[in-house]
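For reference, the structure is listed below as structure tokens.
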Amino acid sequence: MLHLESDSVRAALWSARFGLEREALRVTRDGRMSLTPHPFPQDDPRIVRDFCENQTEINTGVSESAAAAVAELERIDARLRAALAALPEPETLWLGSNPPPLGREEDIPAARFTGPRAGKTAYREYAAARYGRRKMCFCGVHVNLSFGPDLLAADFAAAGGAGDPRRHADALYCELAAKAADRIWLLVALMAASPLADPSLFGLGGPAGGAPLFCGFASLRCSELGFWNDFVPVFDYSDAPSYARSVARYVEAGLIAAPTELYYPVRVKPRGPNRLDSLAVGGVDRIELRTFDIVPFAPAGVDARDVAFAHAWLLRLAALPRAAHPAREQIAAVRNAKAAARYDLGTATILAPDGSAAPVRDAALRALDDLDAFCAPLGAPPAVREALAFQREKLERPGARYAERVLAGAGGAARV
């Protein structure tokens, strides 16, 4: 846990590093899935492919504020859109977490890689067979966050300064990942922005799609209908090598083909290549939060206030005492995340470790009260204070949540 009793820790508390990943599907001008090859250089570090050949992913660099990270995302997004508009058959981006009208499964093109990277295509074909190509078309935002070097150094000194500072940081991040996974339901509830889906996502409707469907979820991709493994993983968060081994055992058991197939809302990411051996040997570089829907009301699909809120939330969790994270609580955490994806936060419930239950809305407001009380005496920057107020408004003002705004603007959505 962070040593907030230290003046040095408190002085460096708000320093952090941010990176964003945003997926989006390329579509034709009439809103159909593009079937053209990826039109960007294979060595472009900022615009890559994810599952589909037409699923772009923007990877920002590292910024020292949420606003700067979002500003970079917007600049790359503008470059991407300009390149698509200049194609012989102009294309654009579908800026939503649920896909546009889909044709046949075989018309959803897995990303094509050649040469030494041909195995990436083989993995995508495997994933398509296992999970279905339609589900692979969900898009979202991943927020990557690490604490500033000054904060980590100050906390190491406050803990006594004995041993390896890198291992101290690893232990802090692993424990933080466990706490975040336990409470990730809060981010699901606040960042949900995908209540509507084209019928073709479920194999319904004709080739032209149909009236959008509302299935009772605020975030379809984070719900029980979304992108999850067919088992609930349980991790050992003791340290980075233990965490890596707990992931590896699912590969060894044949439950997943590779660590990247672990579709879990919180990940610890390594220094260097994104491999388990890098994590075990080189340690943890950052926390990745994977539950953010694309926000259709933000220029590039991400609101900086949401990213700033995630930073404050992670700091609050890092300041909590270490705790056990037994299997039953890790399993309940996944159940809570799926519950928070429901549209009606007054009837969906969050289960506490003691077995009690509370409506998601009530539990979320209590969590915001706690976070406000945490930030108030710690000199939270104006951007953080604004972010906290923004999240509270989503819960307290009727119609303010992203999902509510999307549904209100849809008019004639069918309800199933």
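The values are calculated or read from the model by the stated rules, or taken from the named source; none is laboratory data. Remember, it's a predicted structure, so these values are computed and weren't measured experimentally. All Cβ positions, glycine included, derive from the backbone under ideal geometry; neighbour counts span all protein chains shown.
Inside the range 269-307, can you point out the residues that are charged (D, E, K, R), part of a loop (DSSP other than H, G, I, E, B) and without any contact (Cβ under 8 Å) to a residue 40 or more places away in the chain? Let's see the steps before the verdict.
Narrowing the range 269-307 to residues charged (D, E, K, R): 269, 271, 275, 277, 285-286, 288, 290, 293, 303, 305-306.
Keeping just the survivors that are part of a loop (DSSP other than H, G, I, E, B) gives 271, 275, 293, 303.
Of everything in the range 269-307, those that are charged (D, E, K, R), part of a loop (DSSP other than H, G, I, E, B) and without any contact (Cβ under 8 Å) to a residue 40 or more places away in the chain turn out to be ARG271, ARG275.
For the range 365-394, the set of residues classified as over 20 Å from the mean Cα position of the chain (by Cα), touching a residue at least 40 places away in the same chain (Cβ under 8 Å) and surrounded by 14 or more Cβ atoms within 10 Å (Cβ to Cβ) consists of LEU371, PHE374, CYS375, LEU378, ALA380, PRO381, ALA383, GLU386, listed by residue number. The single condition among (1) assigned to a helix (DSSP H, G or I); (2) in contact with a Lys or Arg (Cβ under 6 Å, 6 or more places away or on another chain) that ALA180 does not meet is (2).
Would you call LEU102 in a loop (DSSP other than H, G, I, E, B) and surrounded by fewer than 16 Cβ atoms within 10 Å (Cβ to Cβ)?
For LEU102, the condition - in a loop (DSSP other than H, G, I, E, B) and surrounded by fewer than 16 Cβ atoms within 10 Å (Cβ to Cβ) - is not met.
Scoring ASP50 on the criteria (1) buried (at least 16 other Cβ atoms within 10 Å of the Cβ); (2) among the acidic types (Asp, Glu); (3) within 22 Å of PHE297 (Cα to Cα) leaves a single failure, condition (3). Filtering the range 133-149 to residues that are touching an Asp or Glu at 6+ places or on another chain (Cβ under 7 Å) and part of a loop (DSSP other than H, G, I, E, B) leaves ARG133, ARG134, CYS139, GLY140. Restricting attention to the range 248-256, does a residue exist that is without any contact (Cβ under 8 Å) to a residue 60 or more places away in the chain, in contact with a strand residue (DSSP E or B) (Cβ under 9 Å, 6 or more places away or on another chain), assigned to a helix (DSSP H, G or I) and of a type in the set (Asp, Glu)? Checked against the condition, which is being without any contact (Cβ under 8 Å) to a residue 60 or more places away in the chain, in contact with a strand residue (DSSP E or B) (Cβ under 9 Å, 6 or more places away or on another chain), assigned to a helix (DSSP H, G or I) and of a type in the set (Asp, Glu), the range 248-256 yields no hits at all. Of the candidates ALA171, ALA159, ALA189, ALA244, the single residue that is of a type in the set (A, V, I, L, M, F, W, C), modelled with pLDDT of 95 or more, surrounded by 17 or more Cβ atoms within 10 Å (Cβ to Cβ) and within 18 Å of the chain's Cα centre (by Cα) is ALA189.
Within the range 53-87, which residues are in a loop (DSSP other than H, G, I, E, B) and either in contact (Cβ under 8 Å) with a residue 40 or more places away in the chain or buried (at least 18 other Cβ atoms within 10 Å of the Cβ) (or both)?
Initial filter on the range 53-87 (in a loop (DSSP other than H, G, I, E, B)): 53-54, 60-62, 64-65, 86-87.
Those that are in a loop (DSSP other than H, G, I, E, B) and either in contact (Cβ under 8 Å) with a residue 40 or more places away in the chain or buried (at least 18 other Cβ atoms within 10 Å of the Cβ) (or both): GLU53, ASN54, THR60, GLY61, VAL62, GLU64, SER65, LEU87.
Considering the range 210-237, the residues that are among the small types (Gly, Ala, Ser) and at pLDDT 95 or above include one that is farthest from GLY283 (Cα to Cα), namely GLY216.
The set of residues in the range 32-47 that are surrounded by 13 or more Cβ atoms within 10 Å (Cβ to Cβ) and assigned to a loop (DSSP other than H, G, I, E, B) comprises ARG32, SER34, LEU35, THR36, HIS38, PRO39, PHE40, ASP44, ARG46.
Per the listing ARG328, ARG305, the residue uniquely surrounded by fewer than 19 Cβ atoms within 10 Å (Cβ to Cβ) and either within 23 Å of ILE350 (Cβ to Cβ) or under 16 Å from the mean Cα position of the chain (by Cα) (or both) is ARG328.
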